[in-house]
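The values are calculated or read from the model by the stated rules, or taken from the named source; none is laboratory data. All values derive from a computational prediction rather than experimental measurement. Note: ideal-geometry Cβ built from the backbone for every residue, glycine included; neighbour counts use all protein chains shown.
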Amino acid sequence: MDIAIQQVCRGERLEWHVEALGMRVPFRDRASALAFAVRLQERVEAPHWLPGKVELLPNTSED
């Protein structure tokens with residue numbers, strides 16, 4: 001996944017935008033934008049469990 005950080009001028013103030021998958025999230029400072037982007041990348045790269053076919057073992061207890 002491509003994640004981009006851009007500095008944007010909004011009138012007299014500067015904002016930082018993190019863009020990914022066509023979504024844009026604004027931040028007031030570079031540090032916050034960078035922290036968000038790093039965390040997002042970590043979560044994207046983390047292993048994910050996807051549900052699939054589950055085979056149940058037969059119940060062999062004599063309860």
Where residue 33 falls short, out of the listed (1) in a loop (DSSP other than H, G, I, E, B); (2) in contact with a Phe, Trp or Tyr (Cβ under 6 Å, 6 or more places away or on another chain): (1)
Selection from segment 1-33 of residues that are within 17 Å of residue 43 (Cα to Cα) and among the acidic types (Asp, Glu): 2, 19
Among (1) of a type in the set (Val, Ile, Thr); (2) surrounded by fewer than 10 Cβ atoms within 10 Å (Cβ to Cβ); (3) at pLDDT 95 or above - the single one residue 38 does not satisfy: (2)
Given (1) touching a His at 6+ places or on another chain (Cβ under 6 Å); (2) in a loop (DSSP other than H, G, I, E, B), index of the condition residue 24 fails: (2)
Count - residues of segment 1-20 that are surrounded by 10 or more Cβ atoms within 10 Å (Cβ to Cβ) and under 19 Å from the mean Cα position of the chain (by Cα): 9
